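What follows is one structure encoded as structure tokens, with my remarks underneath.
The values are calculated or read from the model by the stated rules, or taken from the named source; none is laboratory data. All values derive from a computational prediction rather than experimental measurement. FYI the Cβ positions are ideal-geometry reconstructions off the backbone, even for glycines, and counts take in every protein chain you see.
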């Protein structure tokens, strides 16, 4: 479909640290830019020197300079309104569950998301469950398309060798630790995870410690006071190759989230060949079907049972789930979906 207007990717995410939304934006933007008629506009100079200045560029400069173009916004860092904007929505949690976020974040981002949904020409979402939530919210009349996350090359092409220096630095042994991955925010449900792990026999915890990868962003998320057992190893942020190595080396990986828009770490763990136990929520069912074991994320006892299940599981791991994930979720395919949606808007 020939585009009658230029398409510009909103590159406001570029100065940010890479987490879920930023990873999505980088993967999609890097594929879109270079297509015929597609460029990227990013803050530079004075506007790139702080988050506040970047927001000034997003609200004041970008929508004016690019008002005649189709604007593709891949993260929450987008203008309140634009006459031809394609908006990616990762979830509606800042609207539906404001208690998970800091008051400042809710006051700024909930109205922003509502405004973007009202003005969008097309809304791209990262999963079918989010598509249903957006459609049922009544916040937009725009066309909705699904362009999911996908595992990146670091996880698809990770070497099989165990990263002994990494394991040594963390003081763990391959196949003798449990792994949890995610920011330490209320939605990830790590408070119940900590209590569940603490309820296990001390000898079990010492034999198979819990490694937690992730950090805290107090400007975004509500305060979470977690008392971790002494056998917990808080690894903080790690590089993608290190995370892939941890997925491959873990006895099992647990995802106790109360809610997710997609659940990218679960997909990355699956293609890395990890054994998984996950919370029984809609998006995980949409991704995994019957390929993983589920537990009630609101029950400390159920989470404890899931941890023991991972520790006591047979050594064999069914690799068909990882193969299915590779086939179903692909960055090229998701970028093509957003490209087609953008060109459709451009031709109108």
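Things worth noting here:
- Among the residues of this structure, residue 16 counts as one that is outside the structural domain of residue 182 (by TED's automatic domain parsing), within 23 Å of residue 104 (Cβ to Cβ), in a loop (DSSP other than H, G, I, E, B) and modelled with pLDDT under 95.
- Residue match in the stretch 195-210 (condition: surrounded by 22 or more Cβ atoms within 10 Å (Cβ to Cβ), assigned to a helix (DSSP H, G or I) and in contact with a helix residue (DSSP H, G or I) (Cβ under 8 Å, 6 or more places away or on another chain)): yes
- Residue in the stretch 56-65 that is without any contact (Cβ under 8 Å) to a residue 60 or more places away in the chain, within 24 Å of the chain's Cα centre (by Cα) and in the same structural domain as residue 144 (by TED's automatic domain parsing) present: yes
- Members of the stretch 299-345 that are at pLDDT below 95 and surrounded by 19 or more Cβ atoms within 10 Å (Cβ to Cβ): 321, 322, 325
- Taken over the stretch 165-185, the criterion of being farther than 23 Å from residue 200 by Cβ and part of a helix (DSSP H, G or I) is satisfied by 165, 166, 168, 169.
- When each of 292, 283, 300, 267 is tested for being more than 28 Å from residue 33 (Cα to Cα) and within 16 Å of the chain's Cα centre (by Cα), the lone residue that passes is 283.
- Scanning the stretch 74-96 for any residue that is more than 25 Å from the chain's Cα centre (by Cα) and surrounded by fewer than 17 Cβ atoms within 10 Å (Cβ to Cβ) turns up at least one such residue.
- Restricting 180, 158, 135 to residues that are at pLDDT 95 or above and crowded, with 17+ Cβ neighbours inside 10 Å narrows the list to 180.
- Yes/no for residue 25 being under 25 Å from residue 135 (Cβ atoms) and surrounded by fewer than 21 Cβ atoms within 10 Å (Cβ to Cβ): no
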